[in-house]
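*Asks:* Pasting a structure below so you can have a look.
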Amino acid sequence: MQTTEVVKIDGQLICYNAQILPQITPQFFDLGWHRSQGSVHGSAPGRGHAFFLRTQGHELVLRPFRRGGLIGKINSDLYMRFGAEYSRAFREYRLLEWMRSCGLSVPQPVAARYVPSGLCYRADLITERIPQARPLADILLETPLTLPIWSKIGGVIRQMHALSVHHSDLNCRNILLDADMQVWLIDFDKCRRRRNTGWQQYNLSRLRRSLKKEKTKHPELNWSDTDWTTLLSGYERDDQ
């Protein structure tokens, strides 16, 4: 069973999995420190980027929380302060922890940091990296997926919805497939549990739009209406 600890160091609050990291300090969230240790091994694109770490025998992902859009040009990383447990990092950590306890294939949360700054705060999240996993969009550029895999993707999305979890940015880059073709869902920033008020179809529509967008940019993308219909069939099955 996961052992979660919360410590306060130099005014910063850190929530962490003591089974993975028996001890933790603020420098563990410092990208510059990790670079000096030679533990940074690549990054994934996105808002602020996610950085891949190899440290203490673990493959991890460090994600500093960053703002996008016009606001991000003026204020890149400050958020209004309402307490650590309401911060984006702590909320995502707790949600991931709970979803994993329910059997959903999402990353293992490792640590979250809350750094107060006046009326605002900064935040970071560390998760375990899913071994040999790649975004759905990248895989489809190289090879088609079998219909059973598309059905499995639909089934995992259905599992998430059965837990009443609304994914605010469900797209073809936030769905990963590992070497065994297991389906994983990632990037739960700003996601939460919601009442059943029709948002599930919005999630699915957002995913379909992202696939259409990739197909427009890359006509060679191995995705078709048949694949989408199969995904929906997997989503609608009663034996999930």
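The values are calculated or read from the model by the stated rules, or taken from the named source; none is laboratory data. In this text the structure is predicted, and so the values were computed from the model without any measurement. Ideal geometry is used to build each Cβ from the backbone, glycine not excepted, and the neighbour counts take in all protein chains shown. Each accessible area value is taken on the protein alone, full model and side chains, heavy atoms only, with ligands, DNA and RNA left out. Shrake-Rupley method; radii C 1.70, N 1.55, O 1.52, S 1.80 Å.
*Asks:* Filter region 8-27 for residues that are modelled with pLDDT under 95 and either part of a strand (DSSP E or B) or in contact with a Ser or Thr (Cβ under 8 Å, 6 or more places away or on another chain) (or both) and give the result.
*Replies:* The answer is 18, 19.
*Asks:* Of the residues 115, 106, which is open to solvent by less than 40 Å² (accessible area, probe 1.4 Å) and part of a loop (DSSP other than H, G, I, E, B)?
*Replies:* Selected residue: 106, the only one of 115, 106 that is open to solvent by less than 40 Å² (accessible area, probe 1.4 Å) and part of a loop (DSSP other than H, G, I, E, B).
So that you can scan it fast, the table gives a plain yes or no per residue for (1) at pLDDT 95 or above; (2) open to solvent by less than 40 Å² (accessible area, probe 1.4 Å); (3) assigned to a helix (DSSP H, G or I):
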position: 62; (1), (2), (3): yes, yes, no
position: 77; (1), (2), (3): no, yes, no
position: 90; (1), (2), (3): yes, yes, yes
position: 96; (1), (2), (3): yes, yes, yes
position: 111; (1), (2), (3): yes, yes, no
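*Asks:* Look through region 194-229, keep the residues that are in a loop (DSSP other than H, G, I, E, B) and touching a residue at least 40 places away in the same chain (Cβ under 8 Å), and return whichever of them is farthest from the chain's Cα centre (by Cα).
*Replies:* 220
*Asks:* If you check every pair at least six apart or on different chains, which have Cβ atoms under 8 Å apart with a residue in region 1-25 that is farther than 28 Å from residue 120 by Cα first and a residue that is at pLDDT 90 or above and β-branched (Val, Ile, Thr) second?
*Replies:* Every condition considered, the pairs that remain are 20/110.
*Asks:* So which residues in region 161-193 are part of a strand (DSSP E or B) and of a type in the set (A, V, I, L, M, F, W, C)? Before you say what the answer is, go through the steps one by one.
*Replies:* Taking region 161-193 as the starting set, the residues that turn out to be part of a strand (DSSP E or B) are 165-166, 175-177, 183-185, 192-193.
If the condition is that a residue be part of a strand (DSSP E or B) and of a type in the set (A, V, I, L, M, F, W, C), then 165, 175, 176, 177, 183, 184, 185 are the ones that fit.
*Asks:* Would you pick out the residues in region 230-240 that are open to solvent by 80 Å² or more (accessible area, probe 1.4 Å) and assigned to a helix (DSSP H, G or I)? Please lay out each step first, then the result.
*Replies:* Step one: of region 230-240, the residues open to solvent by 80 Å² or more (accessible area, probe 1.4 Å) are 236-240.
Passing the criteria: only 236.
*Asks:* How about region 18-30: which of its residues are under 19 Å from residue 64 (Cβ atoms) and either open to solvent by less than 30 Å² (accessible area, probe 1.4 Å) or in contact with a Pro (Cβ under 9 Å, 6 or more places away or on another chain) (or both)?
*Replies:* Hits for region 18-30 are 21, 24, 26, 28, 29.
*Asks:* Determine if region 31-42 includes at least one residue that is hydrophobic (A, V, I, L, M, F, W, C) and surrounded by fewer than 13 Cβ atoms within 10 Å (Cβ to Cβ).
*Replies:* Checking region 31-42: not a single residue is hydrophobic (A, V, I, L, M, F, W, C) and surrounded by fewer than 13 Cβ atoms within 10 Å (Cβ to Cβ).
*Asks:* Restricting the search to region 170-222, which residues are under 24 Å from residue 126 (Cα atoms), open to solvent by 30 Å² or more (accessible area, probe 1.4 Å) and in contact with a Pro (Cβ under 8 Å, 6 or more places away or on another chain)?
*Replies:* 173, 179, 184, 186
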